Structures are given as C-alpha cells and as structure tokens.
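Enquirer: Below is one structure. I have some questions about it.
The values are calculated or read from the model by the stated rules, or taken from the named source; none is laboratory data. Treat the numbers as computed from the prediction; the structure is a model and nothing was measured. When we count neighbours, we look across all protein chains shown, and the Cβ atoms used for this are built from the backbone with ideal geometry, even at glycine. Protein only, heavy atoms only, side chains kept; ligands, DNA and RNA dropped before computing areas. Shrake-Rupley method; radii C 1.70, N 1.55, O 1.52, S 1.80 Å.
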Amino acid sequence: MDEKQTPSPKTESMTMVNAPSRKQNVACDACRSRKVKCLQVPGQAKICHNRLPLLDSNDFRTRLRAYLYPTSTLDPNVLPLPPSLLVTVIAWGAKFSEHPLLVHDRAMNAGKSRLSRLITKRAREVAEGEKVHRVPSCDNVIIALLLEPLHSHNPSDLDGLNGFWLNCAVRHLFEMGINRTARLRELDEHSRAMMAYAWFMACICDAFAAVYWRRKPVIEADDFDVGFVGELSFPSFDEVLSTQDTAQNWIALLELADISRKLARDLSKPSIMSFGIPLQVLQRAVEELRNWKEKYLRIVGVPDNYQANWDFIAAVSACTCDAQYHVMWVILHSALDEFNVREAKKGSMSLTTLHELEKQVFEEALQGALRISGLTSVLTSNGYLRLDPNILHFSTYAAGMFLARYGKVEVKTCIQGLEQYSFAYEEAHEQAKWMQQVYSSSMHQIHQRPHSVLSTSSSSIASGSNGVHPQNGIDLASSPVDVVYINGTGTPSNLTGLAQTPYLESPSDPMIDPKYPPISFGH
C-alpha cells in the first residue's frame, strides 16, 4: 500500500500506477512470485486510499503477506485477511489502473472496461458469499464502506447499487456500539482509531447520499454521542488524516452533513410531495447554509489565490468541500422548483415574499453551479477527475444539468469533466452525452424565444402551472440514462413502485427534440 506519496503533477498522476516504487510493491512482488496477478493493488493504494483512507496500510501489507505465505514465520497475532477485502482492494485498483491489459480492454470496448466491471461484480459476490452484509465486524464495516462507491449508482444498471453497502456498514456500526463513546473506550487504540474514522465517514456519506437521492437518512443527529474533537477523536493511523487542515475539513464536512441530514429528512416526507415545502424549512436551510459559508468556506474551500502547485490531495480536498457546499443550493433549488412552497399553494403567502425567496435560492444555485463548473475545469485540466473515487461525481453532474437546462455555456466544462470521469465510471460517458443533448435543446428553445425572461420555474406557482421550464415553458422530465439528479419528475417503467424523486428518469424527455443534434465541444 502507498503510505504518503500522492500524485501531484498531471504527468505523474497519469503514470503513477505503471511505475510504483519498490517499497509500495512489497506485497505485489510476493504475489508475482506465486504467479498471482495483483497489479491492481498499487492502484488502490495510490488513488483510492488517498481519498478514502479506511485501511491501515501497514496492517494490510502484513496481513496480505500472511495470506500469501501462511506457513511463513509471522506474528501469530496477525489477523487473517478476508478474501472479500482483498478482492475489493483489487477491484478498486482495476478501476484506475493503466496496466496494458486494462488499457487494451478499454480500447476494445469503447472506453468501457469489461475486466474492471467483472472484477467489481466478483468483489460483490465474494462479499455476499462471506456474509459481509450480515455479520458485524471491523473488517466487514471497512469492506462495506469500500464497496459502496465502487459500484455504479445508476438505477438501470443491473450491476449497480444505491446505498445497500453503506446501509450495511451503518447497521454493523450500530450493532457494534461504535456510536457510543463508552463502547469506543473499550477498544484498543488501533481499533478505536479505525472504527471512529469509519463512523465519521459513514455519518457524512449517509447524510449526503440521503439529500442527493431524497430519501430519509439512516443516521440521525441523536443516534450518537461521539464527538470529532476531543478525547476520542481518532489518533491517526495514517498520515493522510494527521494534519490540522485535514481535521478542519472533517469538522466542516460534519457540520455540512448535519445540514444535509435535516434537509433530506424534510424532503423525504410524503407530505412535501403532496402539499409543498413549508416556508420554515426553506428559511432554515437558507440560513444554515449561509452560516456555514461564513464560518468555513474561506478556510476549507478553494481560495481566490489558487495555488497551481497544489498536490492531488490538497486540490481535491479543497474542491470537494467547496463543491459540496455549492451543490446544496442546486439541490434546494431543485426541490423548490418541483414541490413549491406550501404556504404559497395554500394562498397564505404574499407573491412578493414568494418571488424574493425564489430569486435568492435561484441566484445562489446559479452561482453555485458556475463555481462547480470552474472547479471542474481546474480538476479536469490536471487529470484529477479520472482519479476520483466517485466523490465529486454528483456535484459535477448536478451542476452541469442545472447549467444545461438554463442554456449556460459553462456546462462545457462539466461535460468535459464527466468524459474524464468515465475512465473509471463508465456511466459518466452517457451522462455527458445526455447533458449535451439537454444543452442543445435548451439553446434551440432560447433562440426561438429570444425575449424570454430568465426566472425560476417555481414562479409558475402564481400562474398555477407546475414543473415548467423557466425559459421555454415546456415540461421537465428526466434522463433516459436513469440518473438525473436535477428536475426529473418521472418514474421509469422498470422501477414501478418506487417513490418518485428528482433523480429517476422517465422513458423520454419532451425537452429533447431529436431533430436538433447535440452541440459538440472542442477539447
């Protein structure tokens, strides 16, 4: 496993899997001696581990050596390495590896890696066979948290998943009592460090996934008494977690996750879909997001004097916090656009107050989408999005769809970012194509209505029409690729019975006219 090195320049990031150092390949050398192909392990070490440092590098190498040489003289206290953990690590490496075999596989399959997909599927099958989803243990928590972002979240993908392994990890953590300070005190220092980190990771992932997919979060604010800062804040088992800047990022993300958790819980209520969003919910979300911005964004976000010589970790960490804040406004605008304000639907709210609220949310969402577009441009130019383990995927696509539907040329950078993202996550390629189609159709409609006034579609409350595109007056639906995070109101025919959300698709989108081909962008 890679301990401290991170891909800094673009050239290094593109070739780092091909030329790992001797120290990083101790485990892989052992594998080769037994004719085992594990070139993917350094890929997981160099890329995924730097972003999701759930594993202890030294501990994993020791356990891997014991797994490969069970008769060798090793510490008898070394725990056995579960095959499901090993194959999960290999699957992560295969996603980002530039091994000639995988490069050829992508070239022969239109940029999609059949081998990577098969290894990922095999990792899930091994985990299911070992009952990782049923038996609570420290290893199974780590395996589940690593499996969740490994899979596609496309609802139409038969091999995709949407929260299953994350929910398994959360359930295991609850059953093991990791949500209680008293239980953590009973663990040894190493186990306490890893499980505390896994708990905070699960808290953040659960909150953000809930607000992304508009479902009720599994973890509530009163479900745990473990504080990040204090006696039990994890003593780092990895250099990635030991810096003050990293700790500040975590504190900021945990507070933003709390805001996301509250908003997700409110938006998942059936009454919201029937009667609209209560004004109090919107006002609280707006106030909390602005307070978070004043308190944290300048500290953990990308500064105005962006340092071009930032390394991979510094750049993507700052961009992640920055994008996560701004995409919350896009999500809030999408909810307001779809459900409207409850008091306005009842007629107990003045139009002036309504329009002012709509204007504020729309302006924040537009600025947020433009900001994410700018961050995407920086990351794409350095080749960093092809190295991201499904963390910035949602914000890139959500912002891009917002800009595409409003005919903003800045959508170009989001499309290019998704195309780069498709190196590891093949569904991003289809999303990029869909975004181009939406933008092309939006531009055609704008040219047909040159005098249309840009406003939020929520203003249609006053005229009694809901779900209408603000510029062209046509109904909004979602994407045929099943993953539209913004303004999709239909439920796909193959997902009947599921609650309608803005992220699922309908078979067709009336906004897209096949007579107008998608606009192509130069690279």
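Enquirer: For segment 423-470, what are the residues that are surrounded by 14 or more Cβ atoms within 10 Å (Cβ to Cβ), modelled with pLDDT of 50 or more and part of a loop (DSSP other than H, G, I, E, B)?
Expert: Answer for segment 423-470, where residues must be surrounded by 14 or more Cβ atoms within 10 Å (Cβ to Cβ), modelled with pLDDT of 50 or more and part of a loop (DSSP other than H, G, I, E, B): F423, A424, Y425, E426.
Enquirer: Right, next: Within segment 394-405, can you find the residues that are touching a His at 6+ places or on another chain (Cβ under 9 Å) and open to solvent by less than 10 Å² (accessible area, probe 1.4 Å)? It would help to see each step written out before you state the result.
Expert: Restricting attention to segment 394-405, the residues satisfying the condition of being touching a His at 6+ places or on another chain (Cβ under 9 Å) are 394-395, 399, 402, 405.
Correct list: S395, A399, F402, R405.
Enquirer: Is segment 98-105 home to any residue that is touching a Leu at 6+ places or on another chain (Cβ under 6 Å), open to solvent by less than 30 Å² (accessible area, probe 1.4 Å) and among the charged types (D, E, K, R)?
Expert: Yes; the residues of segment 98-105 include at least one that is touching a Leu at 6+ places or on another chain (Cβ under 6 Å), open to solvent by less than 30 Å² (accessible area, probe 1.4 Å) and among the charged types (D, E, K, R).
Enquirer: Let me ask another. I'm told V361 meets every condition in (1) more than 21 Å from Q280 (Cβ to Cβ); (2) more than 14 Å from the chain's Cα centre (by Cα); (3) open to solvent by less than 20 Å² (accessible area, probe 1.4 Å); (4) at pLDDT 95 or above except one. Can you identify the failing condition by its number?
Expert: (1)
Enquirer: Being among the small types (G, A, S), assigned to a helix (DSSP H, G or I), in contact with a strand residue (DSSP E or B) (Cβ under 9 Å, 6 or more places away or on another chain) and within 22 Å of R261 (Cα to Cα) is the requirement here; does A335 meet it?
Expert: yes
Enquirer: Do the conditions hold for T380, that is, is it among the polar types (S, T, N, Q), surrounded by fewer than 23 Cβ atoms within 10 Å (Cβ to Cβ) and in contact with a Gly (Cβ under 9 Å, 6 or more places away or on another chain)?
Expert: Values: among the polar types (S, T, N, Q): yes; surrounded by fewer than 23 Cβ atoms within 10 Å (Cβ to Cβ): yes; in contact with a Gly (Cβ under 9 Å, 6 or more places away or on another chain): yes.
The answer is yes for T380.
Enquirer: Still on this structure, please answer the following. Select, from V78, V132, V141, the only residue that is crowded, with 23+ Cβ neighbours inside 10 Å, outside any helix (DSSP H, G or I) and not acidic (D, E). Spell out the reasoning first.
Expert: Working: V78 fails: crowded, with 23+ Cβ neighbours inside 10 Å; V141 fails: outside any helix (DSSP H, G or I).
The unique qualifying residue is V132.
Enquirer: Of S84, S116, which residue is within 24 Å of F174 (Cα to Cα), in a helix (DSSP H, G or I) and touching a residue at least 24 places away in the same chain (Cβ under 8 Å)? Walk me through how you get there before you give the answer.
Expert: On the way: S116 fails: within 24 Å of F174 (Cα to Cα).
It is S84.
Enquirer: Find the residue count for segment 87-113, including only residues that are in a loop (DSSP other than H, G, I, E, B), over 30 Å from H133 (Cβ atoms) and among the small types (G, A, S).
Expert: Qualifying residue count, segment 87-113: 2.
Enquirer: Turning to a different aspect of this structure: Considering A398, A404, A344, which residue is modelled with pLDDT of 95 or more, part of a helix (DSSP H, G or I) and more than 21 Å from Y325 (Cβ to Cβ)?
Expert: Details: A398 fails: more than 21 Å from Y325 (Cβ to Cβ); A344 fails: modelled with pLDDT of 95 or more.
Answer to the check: A404.
Enquirer: Has segment 273-284 got at least one residue that is in contact (Cβ under 8 Å) with a residue 12 or more places away in the chain, on the phi > 0 side of the Ramachandran plot and not in a helix (DSSP H, G or I)?
Expert: Yes; the residues of segment 273-284 include at least one that is in contact (Cβ under 8 Å) with a residue 12 or more places away in the chain, on the phi > 0 side of the Ramachandran plot and not in a helix (DSSP H, G or I).
Enquirer: OK, next. Filter segment 255-292 for residues that are of a type outside the set (A, V, I, L, M, F, W, C), open to solvent by less than 80 Å² (accessible area, probe 1.4 Å) and over 21 Å from S348 (Cβ atoms) and give the result. Explain how you work it out, then say what you get.
Expert: Here is the first cut: in segment 255-292, the residues of a type outside the set (A, V, I, L, M, F, W, C) are 255, 258, 260-262, 265-266, 268-271, 274, 276, 278, 280, 283-284, 287-288, 290-291.
After this cut, where a residue has to be open to solvent by less than 80 Å² (accessible area, probe 1.4 Å) as well, the list is 255, 258, 260-262, 265-266, 268, 271, 274, 276, 278, 284, 288.
Passing the criteria: E255, D258, S260, R261, K262, R265, S268, E288.
Enquirer: Can you tell me which residue among T352, T320 is more than 27 Å from A210 (Cα to Cα), part of a helix (DSSP H, G or I), open to solvent by 10 Å² or more (accessible area, probe 1.4 Å) and polar (S, T, N, Q)?
Expert: Details: T320 fails: more than 27 Å from A210 (Cα to Cα).
The match here is T352.
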